[in-house]
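Quick notes on the structure that follows.
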Amino acid sequence: MINLKKIFNYLLIFAVLLLGFSEPLFIQQAYAASATGYVRLDRMKASTTTGGAVCFNPTANETTVRQVAVSFADGSGTGGATSFGVNATAANWTWDTTANNLPPGATAFPGTATTSTVATGTVTFIVTADQSLNTGTMYCFHFTGTNTLTTPTSANSSLTGTITVKNSGGTTLSNETVNYAIADISNDQITVTATVPSTFSFSLGSNTAALGQITTTGATSATAITATVSTNANNGWIGWVKSLNAGLLSTLTGDSIASAAFTSGAGNIVDLASTNGYVLDVQAGSGAPTIATEYLGNGTTSGGNLATSFKQIATKSIPSASNTFTMAVRARATATNKAATDYADTLTVTAAGQF
C-alpha cells in the first residue's frame, strides 16, 4: 500500500533543498599575484663583458625595499659554456639610473645604491634607505663597472636567473621574486654599410654678355652672369675661366681691345676708370666662395686681365650647396680703336669638385 504521507514528506524535503540552492554555486580559488621583470643585457655576444638593465614591477605596494639581488646562470659566477662570469669584486658593480641607460618608458629605481655584495653568481645592490615601490610601475636600474659581467663562452638559450627584492635585513618581501631567462648569441651586432655617391652640379645663369657700345671715357659693363655650384666633394670645388682671344677682336677690321698680360696676384687687376682694356670682374655670392685675387675687382669699374689658358677665379674648400659667384666683363676702348660692330670674345667657364 502506497504511503502518501511519506511521499509527501520526501517531496517537501526536496523542495526545500531546491530553494536553498537556487543561486548558482561558484568555487573560487585565490591566486597569489606575481612580480614581473627582466634583465636586458647591453651585449648578448658570447664571451663578452657587458653591463645591463634590471627591471622589476612589484606584486604590491612596498615601502621597505632596501636590497635588490640579481642572480645569473648557472649561479656559480665562475663563467663557462653555459654560465656567466660574475666579477667577485663588489666595488666593481655600480648602480646607474641615467635615463639614457634605461629602457624607454621605465621609471628609475628609487634610492642610491652605495654598496653591493657578490656571492656565488648573485649580486645584491643595497640602497641607503628604505624605498617605496608601487605595483603597476616598472622600475629599472642599470649596472655597469669594470668587467662586471661576462657572457657564457658559447651561445645559449634560456639562461635563467632571479631578481629578488628584500628589506634591510635581507629578507625577501612577500612574492617579490621574478624568475627570468635570457640568452647569449654568437654575434649580437649588425654591420651597417652605405655609400653616398659623389655629386657635382654647375650652371650659368646666362650665356651672353652684351657690352653694347663701348666708350673711351669709362668702363662699360655687361650684366653680371651668375654661376651656381653644388657638390658633396670633401674639399669643395674650384672654378676657372679662359678667353679665346684675351681681348675683344673685330674680324672685320682686325682691331682688338686687348687685356693686358695676365700676372699673378692683385697686379692683374685693372681699373678701367682710368685706363683702357678688357677685364673680368668676379664677385662672391651665396655661400661666400673665395674669389681669386687676380679677378676680384671693385664691382663697378675694375677687373682682372684675361688669358687664353685656364685661370682660377673662385673656390670653396668644403662641401657646398648652391654656392654662387658673379662674372661681369668690362671694356674701355682707346681713341684709335677702329669702328666696328663685331668686337667679340668667347669665355669658357668650367668648375670641378675636389673629392
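Each Lys or Arg adds one and each Asp or Glu subtracts one; over the other residues with Cβ under 14 Å from the Cβ of residue 247, this totals +1. For region 347-355, 3J(HN,Hα) computed residue by residue from phi via the Karplus equation (6.51, -1.76, 1.60; θ = phi - 60°) reads 9, 9, 10, 9, 8, 8, x, 9, 7 Hz, glycine and proline entered as x.
By a 1.4 Å probe calculation restricted to protein chains, residue 44 has an accessible surface near 70 Å², given to the nearest 10. Cα-based radius of gyration for the chain, normalised by 2.2 N^0.38 Å, reads 2.15. Debye sum, Cα scatterers, region 151-289, no solvent: what log₁₀ I/I(0) at q = 0.12, 0.13 1/Å? Listed by q, the Debye log ratios stand at -0.77, -0.85.
Accessible area per residue (1.4 Å probe, heavy atoms of protein chains only) ranks 338, 316 as 338, 316, with the largest value leading. In the context of the full protein assembly, residue 272 retains an accessible surface of approximately 0 Å², using a probe radius of 1.4 Å and ignoring ligands and nucleic acids. Subtracting the Cα-Cα distance of residue 128 and residue 42 from their residue separation scaled by 0.36 nm leaves 28.4 nm.
Pairwise Cα distances in region 300-351 exceed 13 Å for 74 percent of all pairs.
Within the accessible area of the chain, what % is carbon and sulfur when the probe is 1.4 Å and the other protein chains stay in place?
Working: 10280 of 18960 Å².
So the carbon and sulfur contribution to the accessible surface is 54 percent.
Cross-link partners for residue 45 among the aspartates and glutamates, with Cα-Cα distance under 16 Å and sequence neighbours closer than 8 places in the same chain left out: 184, 188.
Using a cutoff of 8 angstrom between alpha carbon atoms and counting only pairs six or more residues apart, the relative contact order for the chain works out to 17 percent. Taking a point 7 Å from the Cα of residue 117 along the Cα-to-Cβ direction, the residues of region 38-68 with backbone N closer than 20 Å to it are 64-68. The angle between the Cα long axis of helix 4-20 and the main principal axis of the chain comes to about 30°, on a 0 to 90 degree scale.
Exposure check, 1.4 Å probe, all protein chains in place: residue 192 carries approximately 130 Å² of accessible surface.
Ignoring everything except DSSP H segments at least 4 long, calculate the 222 nm mean residue ellipticity for the chain; use -39,500 (n - 2.57) per segment, divide by total residues, nearest 500.
On the way: 1 runs with 17 residues, N = 355.
Helix contribution divided over all residues of the chain: -1500 deg cm²/dmol.
The values are calculated or read from the model by the stated rules, or taken from the named source; none is laboratory data. In this text, all values refer to a predicted model and were calculated from it rather than measured experimentally. Cβ sites come from the backbone with ideal geometry, for glycine too, and all protein chains shown count toward neighbours. SASA here: full protein model, heavy atoms, side chains in, ligands and nucleic acids out. Shrake-Rupley method; radii C 1.70, N 1.55, O 1.52, S 1.80 Å.
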